[in-house]
Amino acid sequence: MAAPRLTLDPALESCPDHTSAAFQTLRGLIMAGAPAATPLTHADAANQLSDAWNKDRDARQLIWDAQVQADAAQAAADATAAAAQADTDRLAAEATAAAELAAVEAKKPKIGAFDATLTIPDFLGPRASNFAKKKLEDKEYVELWYYTREGCLDAESLRGGVEADETFGITQSGSTLSLKPLTAFKASKKVVRDEDLSWDQLSIAKTGFLAAIEDAGWPTEHRTAMATFFYRIENHPSRMQGDSHAQEILVIYQARARRSWHDMLSQNKGFNLALINDKLLETVSREFHNKLRDVKYRVVRG
């Protein structure tokens, strides 16, 4: 068990007057206990009492001094810990304030830098719709029509009309909710299926489409496959082999292949779109000509 703490500095105590009447009985007991050969006087007994008191005070003084030193060390340690905690709290508060400021800054509209030596481009092409842009940003399939002249002009008419008085909807990305124009979610009522595009529309649309997927951050491998795919479609030997419907058949093939490519990518079963499958192309060609014969037959029958 730890010794009780001293509450008074022993150095402040004064030795009692052991020669006083108050200690007469105690002195008598000391004198009575002394050997007969060396009898003690009252003065001798008083000196013994004073010596014993001084020894006790000296022992308590050592305890007091150690106690004072321990208290000082503890106080210093507490002060150091308090200062360290204050620094930690201050740094945490500064970090929190910096994070809150960064969050506020991040929400502020940003504007990019510009090169003071550059002028506006010589040609400003029409832009595709927000709907098509959002689809490509999400790496999803979107009809090539949105990148034809007709599709871009349709988007421009929306920007000049509906978008001027825009309605917004809520979209979620992870745990974040944000407002976006509803035109970013709505397909155009004028959209044309890829299978029904003309050859000229395909040739024009693929140029804008390839630029758009680069802007949307598609992986280089995917962009290269898509560019090679369109190149091989446009330069396929069937166009030079006498079939007057070769271009229509190639348009249908590209529509089916590109849609299937996206479907398979979503299942992690992607194939190389750039490799033209001649058997599938033959199937498409056969279906096309069979349908064409059916139409001619119905006309003749009619």
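Quote the FRET efficiency, to the nearest 0.05, computed for Glu221 versus Met264 with a Förster distance R0 of 22 Å and r equal to the Cβ-Cβ distance. Working from the Cβ atoms, E equals 0.90. Taking the alpha-carbon centroid of each part, what is the distance from segment 246-279 to segment 55-76 in angstrom? Each part's Cα centre sits 91 Å from the other's. Computed from the Cβ-Cβ distance with R0 of 25 Å, the FRET efficiency linking Ala3 to Ser50 stands at 0.50.
When peptides 135-147, 20-32 are ranked by their average number of other Cβ atoms within 10 Å per residue, the highest-first order is 135-147, 20-32.
Treating r as the C-beta distance of Thr96 and Gln74 and R0 as 30 Å, the FRET efficiency rounds to 0.40.
Could you tell me the relative contact order of the chain? Use alpha-carbon pairs under 8 Å, at least six residues apart, and round to a whole percent.
12 percent
Specify which labelled value, from [x] 0.94; [y] 1.16; [z] 1.67, agrees with Rg/Rh (Cα atoms, Kirkwood Rh) derived from the coordinates of the model shown. Here Rg/Rh (Cα atoms, Kirkwood Rh) agrees with entry [z].
For the pair Ala116 and Ala211, the difference between a 0.36 nm per residue extended length and the Cα-Cα distance amounts to 31.7 nm.
Quick note: the coordinates plus some simple rules give every number you see, no bench work behind them. None of the values given here were measured: they were computed from a predicted structure. Glycine also receives a Cβ, built like all others from the backbone with ideal geometry; neighbour counts cover every protein chain displayed.
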